[in-house]
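The next block holds one structure in the form of structure tokens; read it before the comments.
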């Protein structure tokens, strides 16, 4: 039998617990074994669990190493790029005079406008209409339809609007990103920072770009 020491009404008492419960107890010093067999059974099971955990950790490490070798160390570092994306979205409503009252009032209405009304706002922002000069188009993205976002994304790509390309990516369809990838591997839009788009692409599209990069010949250094 296995007992666990505990305090009840300021008194030290020992309560019986099952083997599985004992294995989960962090303070092993609080356990008392009433027989040698109980202690040996506990130690054996604990060693078995430790070995299983070690094997799982080793297998995970092995898989990571195999993946690294398979892709030749081809990895993505999104830290800096996502920081830039965060900066582009932060403080999206800013008036030139430092006030944000009008923009704050507008943002509260966005969830309640229909697709046509939201699309009209976007078109007015793009057209630089005076009444919309305080608004950053990025704030409208979460409320737009996929169709409108796809249209905007491809427009940003064609016009090389780098900030809007990255900030719109989370809201566009996979199909729009596939169209971009197909054009990119044909040699178009090479100025676009594709690193920011990988998390939103289909795996097949990421693999297309991977193969495209692998096939590129490095320019010889002068």
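Below is a table of values for the structure above.
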quantity	calculated
Residue check for residue 214: modelled with pLDDT of 90 or more and surrounded by fewer than 19 Cβ atoms within 10 Å (Cβ to Cβ)	yes
Output for the range 25-51, where each listed residue is outside any loop (DSSP other than H, G, I, E, B) and closer than 15 Å to residue 3 by Cβ	28, 29, 30, 31, 32, 33, 36, 37, 38, 39, 41, 42
Complete set of residues in the range 145-162 that are farther than 16 Å from residue 120 by Cα and within 22 Å of the chain's Cα centre (by Cα)	153, 162
Odd one out for residue 203, checked against (1) touching a helix residue (DSSP H, G or I) at 6+ places or on another chain (Cβ under 9 Å); (2) more than 25 Å from residue 126 (Cα to Cα)	(1)
Residue in the range 122-154 that is surrounded by the fewest Cβ atoms within 10 Å (Cβ to Cβ), counting only those that are at pLDDT 90 or above and not in a helix (DSSP H, G or I)	145
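Matching residues to (1) surrounded by 18 or more Cβ atoms within 10 Å (Cβ to Cβ); (2) in the same structural domain as residue 139 (by TED's automatic domain parsing); (3) part of a helix (DSSP H, G or I); (4) within 19 Å of the chain's Cα centre (by Cα):
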site	(1), (2), (3), (4)
164	yes, yes, yes, yes
169	yes, yes, yes, yes
175	no, yes, yes, no
180	yes, yes, yes, no
183	no, yes, yes, no
199	no, yes, yes, yes
207	no, yes, yes, yes
210	no, yes, yes, no
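The values are calculated or read from the model by the stated rules, or taken from the named source; none is laboratory data. On a predicted model such as this, the values are computed, not experimentally measured, just so you know. Here Cβ is always computed from backbone atoms with ideal geometry, including for glycine, and neighbour counts include all displayed protein chains.
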